[in-house]
Amino acid sequence: MKSTDQHTAPRKQPTQLRARLTVDCILQAAESIITKKGYEYATTNHIAEVAGVSIGTVYQYFPRKEAIVAALVENAVVGSSAPVRQQLLASMHEPLTQCLPVIIGLLLKTRKQNGMILRQLVRDVVAIGSDSEQLTPETFLYSTFRLFYVEHRDEIKIENLDMAMSVCEFMIIGGINSYLDDPAPKLADEEFVEQLSNAVNKYLTT
């Protein structure tokens with residue numbers, strides 16, 4: 001086990017309903033503090049206070065605050081990945097022009113819903129550990145994304161499929177992050193999705 005794993009792994013997994021509710025309260029408190037005040041204010045003592053539990057209860061489940069942050073990232077990745085996976089599977093046999101806007105629109109929606117965690121927290125907080133930094137919906141769904149590209153092999157003109165996947169990820173996720181970071185975007189969501197979908201489709205098919 002790597003040292004970062006020891007720092008971010010939970011002490012024990014909650015199995016009873018009461019324990020799961022307690023862990024949920026701890027995670028919600030941490031997210032609230034980080035969102036409103038910033039990562040540095042999310043001490044374990046402050047998290048315990050906001051969650052309404054003792055510091056000992058926090059340490060029952062998390063050895064340090066980095067483990068709480070890692071759990072926040074993991075929950076956000078798993079939760080946001082489920083609808084994307086479902087849409088990818090439903091789009092396996094649809095033409096790219098038809099399914100790309102739906103998939104990209106869904107990626108935009110999930111990143112807006114989990115923006116603080118999936119973008120700001122993973123990007124800005126190195127202390128959560130290398131494994132958590134690399135945990136994204138894209139890596140979590142790699143196998144499903146690759147199957148999607150394989151199923152559209154006839155439409156995709158790029159010979160190296162892995163390279164095509166990497167370039168599309170840079171285009172889509174990089175574009176979405178830049179769009180969401182813009183305090184005054186010049187495009188509405190629908191226009192942005194349409195333009196980005198057209199660009200990705202053109203890259204893949206020409």
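The values are calculated or read from the model by the stated rules, or taken from the named source; none is laboratory data. Source: prediction; values computed, not measured. Counting neighbours? That spans all protein chains shown, and the Cβs are built from the backbone with ideal geometry, glycine included.
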Next on the checklist: Given the condition closer than 26 Å to ARG146 by Cα and either without any contact (Cβ under 8 Å) to a residue 40 or more places away in the chain or under 16 Å from the mean Cα position of the chain (by Cα) (or both), answer yes or no: does some residue in the stretch 54-61 qualify?
Outcome noted: no
Checklist outcome for this item: Apart from one, (1) in contact (Cβ under 8 Å) with a residue 40 or more places away in the chain; (2) within 21 Å of the chain's Cα centre (by Cα) all hold for GLN87; the odd one out is (1)
Checklist outcome for this item: Residue pairs qualifying under the 7 Å Cβ cut-off, at least six apart or on distinct chains, with the first in the stretch 103-119 being under 20 Å from ASN201 (Cβ atoms) and the second being outside any helix (DSSP H, G or I), are ILE103/SER91
Next on the checklist: Can you go through GLU49, GLU74 and tell me which one is assigned to a helix (DSSP H, G or I) and either modelled with pLDDT of 90 or more or among the hydrophobic types (A, V, I, L, M, F, W, C) (or both)?
Outcome noted: GLU49
Checklist entry - For VAL102, are the conditions met, namely being modelled with pLDDT of 95 or more, in contact with a helix residue (DSSP H, G or I) (Cβ under 7 Å, 6 or more places away or on another chain) and not aromatic (Phe, Trp, Tyr)? => result yes
Checklist entry - Which residue out of MET92, MET171 is outside any helix (DSSP H, G or I), modelled with pLDDT of 95 or more and either of a type outside the set (Gly, Ala, Ser) or surrounded by 18 or more Cβ atoms within 10 Å (Cβ to Cβ) (or both)? => result MET92
Checklist outcome for this item: Here the qualifying pairs (Cβ atoms under 9 Å; residues six or more apart or on different chains; first in the stretch 139-162 and among the basic types (Lys, Arg); second surrounded by fewer than 16 Cβ atoms within 10 Å (Cβ to Cβ) and assigned to a loop (DSSP other than H, G, I, E, B)) come out as LYS157/THR206
Checklist entry - Would the stretch 80-89 turn up any residue that is hydrophobic (A, V, I, L, M, F, W, C), more than 28 Å from ASN198 (Cβ to Cβ) and either in a helix (DSSP H, G or I) or at pLDDT below 90 (or both)? => result no
Checklist outcome for this item: Here the residues within the stretch 136-168 that are of a type outside the set (D, E, K, R), in a loop (DSSP other than H, G, I, E, B) and closer than 19 Å to ILE104 by Cα are THR136, LEU141, HIS152, ILE156
